[in-house]
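Please read the structure below before turning to the comments.
The values are calculated or read from the model by the stated rules, or taken from the named source; none is laboratory data. Small disclaimer: the values here were computed from a predicted structure and weren't measured. Backbone-built Cβ (ideal geometry, glycine too); neighbour counts: all protein chains shown. Accessible surface is based on the protein model in full, side chains and every heavy atom, while ligands, DNA and RNA are left aside. Shrake-Rupley method; radii C 1.70, N 1.55, O 1.52, S 1.80 Å.
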Amino acid sequence: MSELSSKHLLGIKDLTTEDIQLIFETADNFKDVINRPIKKVPSLRDITIANVFFENSTRTKLSFELAEKRLSADVINFSSSGSSVKKGETLLDTVNNILAMKVDMIVMRHSSPGAPHFLSRHIDANIVNAGDGTHEHPTQALLDTFSMREKLGDLAGKKIAIIGDIIHSRVALSNVFALQKLGAEVMICGPATLVPKYITSLGVKVVTDIHEALKWCDVANILRIQLERQHIKYFPSLREYSLHFGVNKQLLDQLDKEIIIMHPGPINRGVEITSDVADSQHSIILNQVENGVAVRMAVLYLLAGASR
């Protein structure tokens, strides 16, 4: 297999296991590229990519932009703040105006779940979902599982705990889909108020005891408390959350094994994770950032090939 089964990356749910393995193999090659003195390749020098972000982003936007430039693509950055969106322009009109400038690929983040899927039915360009509401964030799940694979090898049978604010997280759902396609076991841990009711229907274990989750897992992927998405109180206070669900060195020292610590960022230090854990030898948080560029290079390269 040398190309993806779809011309878009809308979600992990739509990918096959073979698609994921192909992305990983391609990312392995690009990781070699970005670690050499000359970090650019001419693979997409005839491609124009628009980063269309309707939500604030730092890591994802920078990672995509760097991946695009490493591939020698022409890059356009669009932010909804200060744009015609504020004047009432529709999503479709905005994107069609961008495409009229002969753009080949759209990388889009939007607050509405399903926005990239809607676009894919109305435009011809390749679309990469960079996060749609609380639905999916496929490239984050790909870089997370790629990072786990680097440390653990084959993920089949490995135990991965996803801990924290599950109900507001697009990372959680994409990770569940990716890990299950790769044969891993998944446990969800968090306050009952932050775990959606439907999650058990996905075949994952659910616990509300952080000690149980950490004792069970090989990898703990710790998610941020997304206060900006919370319009009601889901727990008494951040201090209360930290006491019951925060991962600290004392908790890890109680385990009879070493586990891998991950976090998609940005980190609320002292809330879901303490600095002595985030910066410890068990943490691969910065590896995730590095791998994000290689994985996004692989996705863009493969999608560009699928459209030719």
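Place +1 on the Cβ of every Lys and Arg and -1 on the Cβ of every Asp and Glu in the chain, take the dipole about the Cα centre, and give the residue among 15, 202, 119 whose Cα lies farthest towards its positive end.
119
Within 10 Å of each candidate Cβ there may be at most 12 other Cβ atoms; applying that plus a DSSP loop requirement, which trypsin sites (Lys or Arg not before Pro) in region 118-223 survive? Before the final figure, lay out each step's value.
Values: sites: 121, 149, 151, 158, 159, 170, 181, 197, 205, 215; in loops: 121, 158.
Answer by residue number: 121.
Checking understanding here: applying a Kyte-Doolittle mean of at least -0.5 and a length along the axis of at least 15 Å (C-alpha), which whole DSSP H helices in the chain pass? Can you show the working numbers first?
Details: long enough: 17-34 (25 Å, -0.05); 59-70 (16 Å, -1.09); 138-152 (21 Å, -0.32); 170-181 (17 Å, 0.52); 285-306 (31 Å, 1.14).
Helices passing the filter in the chain: 17-34, 138-152, 170-181, 285-306.
Just from its helices, what would the mean residue ellipticity at 222 nm be for the chain, if runs of 4 or more DSSP H residues each count -39500 (n - 2.57) and the sum is divided by every residue, rounded to the nearest 500 deg cm²/dmol? Walk me through the numbers before you get to the answer.
Numbers: 11 runs with 118 residues, N = 308.
Taken over the chain, the calculation gives -11500 deg cm²/dmol.
Give or take rounding to whole Å, what are the principal axis extents of the alpha carbon atoms in region 1-138, in descending order?
45, 32, 26
Is there a quick way to get the dipole size of region 1-64? I mean about its Cα centre, with the Cβ of Lys and Arg at +1 and of Asp and Glu at -1; what is the value in debye to the nearest 20? Write down the numbers at each step before the final one.
Working: 9 positive and 9 negative charges, 89 e Å.
My answer is approximately 420 debye.
Please report Rg over Rh for region 82-165, where both radii come from the alpha carbon positions and Rh follows the Kirkwood definition. Spell out each step's value before the answer.
Working: Rg = 17.0 Å, Rh = 15.2 Å.
Rounded to two decimals, Rg over Rh is 1.12.
For a 31 Å ceiling on Cα separation, which of these pairs sit above it: 7/205; 159/197; 69/159; 158/249?
7/205; 69/159
Tell me, what is the Rg over Rh of the chain, with Rh the Kirkwood radius over Cα pairs?
Over the Cα atoms of the chain, Rg/Rh equals 0.97.
Given a 1.4 Å probe and every protein chain left where it sits, what share in percent of the accessible area of the chain is carbon and sulfur? Don't jump to the answer; show the numbers that get you there.
On the way: 6710 of 13580 Å².
Answer for the chain is 49 percent, counting heavy atoms of protein chains only.
What number comes out for accessible area per residue over region 1-125 if the probe is 1.4 Å? Units Å², please.
On the way: 6440 Å² over 125 residues.
On a per-residue basis, 52 Å².
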